[in-house]
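Novice: Let me give you the structure first, and then I'll get to my questions.
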Amino acid sequence: MRILMAASEMAPFARTGGLGDVIEALPAALQARGHEASVILPYYRAIREFPGLRAEPTGVTMTIEVGPRQIETEILEAETPSGTQLFFVRRDEYFDRSEIYGADGRAYQDNAERFIFFSKAVVELARRLIPAPDILHVHDWQTAFVPVLVRHRQLPFKTVLTIHNIAYQGAFWGVDFGLTNLPGSFFGPTGVEFYGRLNLLKGGVLYADAVTTVSERYARDIQTPEFGAGLDAVMREQAGKLRGILNGADYNTWNPATDSFIAKKFSPSAPAGKKTCRDALLKELDLEKTPRGPVLGMVTRLAEQKGLDILIPLLDRLLADDLRLVILGEGDADYTWQLDVAARRSPGRFAFRRGLDDALSHRIYAGADVMLIPSHFEPCGLGAMYALKYGAPPIARATGGLYQILTDFDPSTGAGNAFLFYEYSSEALWDSILRVKHHFADAESWRRLARLGMKCDFSWSAAEREYEKVYESLIGAVSKPAAP
């Protein structure tokens with residue numbers, strides 16, 4: 001099969017979270033199974049400046065209509081080391097910026113225009129490719145407009161939309177509907193309108209031939225008012241084409257036995273390098289060495305979803321003990337300020353680094369004894385997979401995809417790979433921290449627990465087969481009625 005994936009992120013070139021990791025790994029996994037998988041991305045400044053990546057002109061230029069404007073763009077191409085073909089949509093007005101979605105904690109005001117433009121460019125490129133793709137697989141709201149365009153123009157592509165986080169919907173003022181150049185009939189309950197606003201994700205859900213999300217549990221969660229972010233009724237209506245597929249971890253990238261970013265490689269059979277990585281992390285971040293308690297790590301977006309509102313109230317209590325805390329992340333300005341203040345109050349025990357430093361994130365997973373994942377909701381939980389592989393059992397709230405990845409540690413049997421809590425509260429999180437401190441004191445038991453997690457296998461093999469089933473079901477599917 002020929003699959004063209006469209007997304008707004010791809011590791012290691014431009015990444016803010018798990019979406020980028022998936023777009024790096026899934027096309028390569030599909031190629032290994034004999035499919036032709038390529039990726040189309042915006043040509044961000046970060047991609048243009050990425051070391052070793054050479055994007056060459058294809059000679060393809062296009063004129064894209066966005067509202068009243070006719071916008072010229074060119075298509076560049078490159079190839080990843082694994083052989084995945086990359087296409088880039090270049091329009092410096094939209095993508096030559098310091099960040100992907102916004103700066104200083106605020107989204108860019110023209111994000112609707114930027115990604116409507118990008119989605120239209122994706123469709124135009126798909127029309128020009130020879131041989132044509134069988135499947136257009138789009139990811140999250142930034143490309144969710146693609147299935148709407150395909151249905152409106154009655155193009156011969158099957159479309160798959162993967163929702164990585166339903167909280168981010170591409171919801172904009174209703175006046176931005178004019179940027180779509182669609183007939184007015186699309187701005188209604190059966191189109192891209194949602195309570196008077198333009199909602200790109202809702203449109204994609206309605207018009208995609210299949211909708212997937214990143215775990216079986218999350219596919220159920222988003223059909224409920226608690227986790228559907230307002231779209232739960234839409235998801236229930238479309239449940240017949242909704243499927244949950246747990247993401248895989250790319251162990252070519254996230255593997256302490258081969259990781260070039262860390263101080264010393266290690267594995268379940270040769271775990272000694274873990275201590276070297278721990279010591280190196282503390283030294284790198286100017287933290288006091290040889291704490292009696294564990295080193296706690298957290299690599300995250302600074303967003304309410306990630307549980308910062310229940311973690312931050314515990315910081316003074318947590319750091320009163322002889323342990324270390326390392327947090328790497330970027331996002332909400334208020335959380336950034338609170339973490340900065342806390343780190344300045346405890347300079348030898350808590351290091352906060354603002355940003356999206358891929359190399360440092362690897363060193364944190366390698367050097368931490370425990371990773372914190374206190375999320376309010378967690379669609380998949382790639383971070384939990386990485387934590388297990390690097391011998392850092394997570395403290396996590398049982399939610400979403402974490403149900404499929406983690407099991408609570410039972411000291412009576414030695415079973416389990418994490419310390420779970422269920423109530424979303426600071427006190428429930430604190431109880432799990434106390435459990436960790438108690439069990440960490442038993443060094444041999446802790447080493448067994450870490451080794452057990454390192455042996456877990458969450459590779460892409462199962463997920464890629466499930467995506468194949470989705471694609472195959474569509475290629476043989478009967479075409480649906482045209483859109484209004």
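The values are calculated or read from the model by the stated rules, or taken from the named source; none is laboratory data. Predicted model, so just to flag it, every value in this text is computed and none were measured. When we count neighbours, we look across all protein chains shown, and the Cβ atoms used for this are built from the backbone with ideal geometry, even at glycine. Just the protein is used for accessible areas: all its heavy atoms, side chains included, with ligands, DNA and RNA removed. Shrake-Rupley method; radii C 1.70, N 1.55, O 1.52, S 1.80 Å.
So that you can scan it fast, the table gives a plain yes or no per residue for (1) open to solvent by 70 Å² or more (accessible area, probe 1.4 Å); (2) within 30 Å of residue 465 (Cα to Cα); (3) out of contact with any Gly (no Cβ under 9 Å at 6 or more places or on another chain); (4) not polar (S, T, N, Q):
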| site | (1), (2), (3), (4) |
| --- | --- |
| 7 | no, yes, no, yes |
| 41 | no, yes, yes, yes |
| 50 | no, no, yes, yes |
| 92 | no, no, yes, yes |
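Novice: When the range 417-442 is examined, which residues are found to be open to solvent by less than 60 Å² (accessible area, probe 1.4 Å) and either free of Cβ contacts under 8 Å to residues at least 24 places away in the same chain or of a type in the set (A, V, I, L, M, F, W, C) (or both)?
Specialist: Scanning the range 417-442 gives 418, 419, 420, 421, 428, 429, 430, 433, 436, 440.
Novice: Sticking with this one: Would you mention how many residues in the range 96-138 are in contact with a Phe, Trp or Tyr (Cβ under 8 Å, 6 or more places away or on another chain), open to solvent by less than 10 Å² (accessible area, probe 1.4 Å) and hydrophobic (A, V, I, L, M, F, W, C)?
Specialist: Adding up the residues that qualify gives 9.
Novice: Could you pull out the residue among 383, 400, 391 that is crowded, with 24+ Cβ neighbours inside 10 Å and part of a helix (DSSP H, G or I)?
Specialist: Values: 400 fails: part of a helix (DSSP H, G or I); 391 fails: part of a helix (DSSP H, G or I).
Step by step, each of 383, 400, 391 is checked, and only 383 is crowded, with 24+ Cβ neighbours inside 10 Å and part of a helix (DSSP H, G or I).
Novice: Taking the range 158-181, which residues are surrounded by 24 or more Cβ atoms within 10 Å (Cβ to Cβ) and over 25 Å from the mean Cα position of the chain (by Cα)?
Specialist: 180
Novice: May I ask you to list the residues in the range 123-138 that are within 21 Å of the chain's Cα centre (by Cα) and either of a type outside the set (Val, Ile, Thr) or assigned to a helix (DSSP H, G or I) (or both)? Talk me through it step by step, then tell me what you get.
Specialist: Looking only at the range 123-138, we keep the residues that are within 21 Å of the chain's Cα centre (by Cα), and these are 136-138.
Of everything in the range 123-138, those that are within 21 Å of the chain's Cα centre (by Cα) and either of a type outside the set (Val, Ile, Thr) or assigned to a helix (DSSP H, G or I) (or both) turn out to be 136, 137.
Novice: The conditions are (1) more than 21 Å from residue 398 (Cβ to Cβ); (2) open to solvent by 70 Å² or more (accessible area, probe 1.4 Å), and residue 468 fails exactly one of them. Which is it?
Specialist: Condition not satisfied by residue 468: (2).
Novice: Something else about it: If you scan the range 226-240, which residues turn out to be crowded, with 16+ Cβ neighbours inside 10 Å and at negative phi?
Specialist: Of all residues in the range 226-240, those crowded, with 16+ Cβ neighbours inside 10 Å come to 227-229, 231-232, 234-235, 238.
Those that are crowded, with 16+ Cβ neighbours inside 10 Å and at negative phi: 227, 228, 231, 232, 234, 235, 238.
Novice: Quick check: is even one residue across the range 407-424 of a type in the set (D, E, K, R), on the phi < 0 side of the Ramachandran plot and part of a strand (DSSP E or B)? Let's see the steps before the verdict.
Specialist: Here is the first cut: in the range 407-424, the residues of a type in the set (D, E, K, R) are 408, 410, 423.
Those left that are additionally on the phi < 0 side of the Ramachandran plot: 408, 410, 423.
If we keep only those that are part of a strand (DSSP E or B) too, we end up with 408, 410.
Yes: one or more hits.
Novice: Take the residues of the range 139-155 that are assigned to a helix (DSSP H, G or I) and not hydrophobic (A, V, I, L, M, F, W, C): which is surrounded by the fewest Cβ atoms within 10 Å (Cβ to Cβ)? Reasoning before the result, please.
Specialist: Let us first name the residues in the range 139-155 that are assigned to a helix (DSSP H, G or I), namely 140-143, 145-153.
Filter once more, so that each one left must be not hydrophobic (A, V, I, L, M, F, W, C): 140, 142-143, 147, 151-153.
Numbers: 140: 23, 142: 26, 143: 27, 147: 28, 151: 22, 152: 20, 153: 13.
My answer is 153.
Novice: Starting from the range 133-157, keep only residues that are in contact (Cβ under 8 Å) with a residue 40 or more places away in the chain, then list their pairs with residues that are among the charged types (D, E, K, R) and open to solvent by 30 Å² or more (accessible area, probe 1.4 Å) whose Cβ atoms are within a distance under 7 Å, requiring at least 6 positions of separation or different chains.
Specialist: Qualifying pairs under 7 Å: 133/2; 134/2; 134/158; 135/158.
Novice: Could you identify the single residue in 229, 233 that is of a type outside the set (Phe, Trp, Tyr), assigned to a helix (DSSP H, G or I) and either over 15 Å from residue 148 (Cβ atoms) or in contact with a Phe, Trp or Tyr (Cβ under 7 Å, 6 or more places away or on another chain) (or both)?
Specialist: Values: 229 fails: assigned to a helix (DSSP H, G or I).
Checking each option against the conditions leaves just 233.
Yes or no, residue by residue, for (1) surrounded by fewer than 23 Cβ atoms within 10 Å (Cβ to Cβ); (2) under 26 Å from the mean Cα position of the chain (by Cα):
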{"residue": "201", "(1), (2)": "no, yes"}
{"residue": "214", "(1), (2)": "no, yes"}
{"residue": "260", "(1), (2)": "yes, yes"}
{"residue": "267", "(1), (2)": "yes, yes"}
{"residue": "284", "(1), (2)": "yes, no"}
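Novice: Still on this structure, I have one more. Among the residues of the range 73-95, write down those that are free of Cβ contacts under 8 Å to residues at least 12 places away in the same chain and in a strand (DSSP E or B).
Specialist: Matches in the range 73-95: 79 only.
Novice: What number goes with the only condition from (1) touching a residue at least 60 places away in the same chain (Cβ under 8 Å); (2) open to solvent by less than 40 Å² (accessible area, probe 1.4 Å) that residue 243 does not pass?
Specialist: (2)
Novice: Kindly provide the set of residues from the range 355-368 that are at negative phi, modelled with pLDDT under 95 and not aliphatic (A, V, I, L, M), ordered by number. Step through it out loud before you land on a result.
Specialist: Within the range 355-368, the subset at negative phi is 356-368.
Still in the list and also modelled with pLDDT under 95: 356-358.
If the condition is that a residue be at negative phi, modelled with pLDDT under 95 and not aliphatic (A, V, I, L, M), then 357, 358 are the ones that fit.
Novice: How many of the residues making up the range 156-180 are in a loop (DSSP other than H, G, I, E, B) and either among the polar types (S, T, N, Q) or within 18 Å of residue 117 (Cβ to Cβ) (or both)? Quick ask: steps written out before the conclusion?
Specialist: The initial filter retains those residues of the range 156-180 that are in a loop (DSSP other than H, G, I, E, B), namely 156-157, 164-170, 173.
Cutting the leftovers down to either among the polar types (S, T, N, Q) or within 18 Å of residue 117 (Cβ to Cβ) (or both) gives us 165, 169-170, 173.
Matching residues across the range 156-180 total 4.
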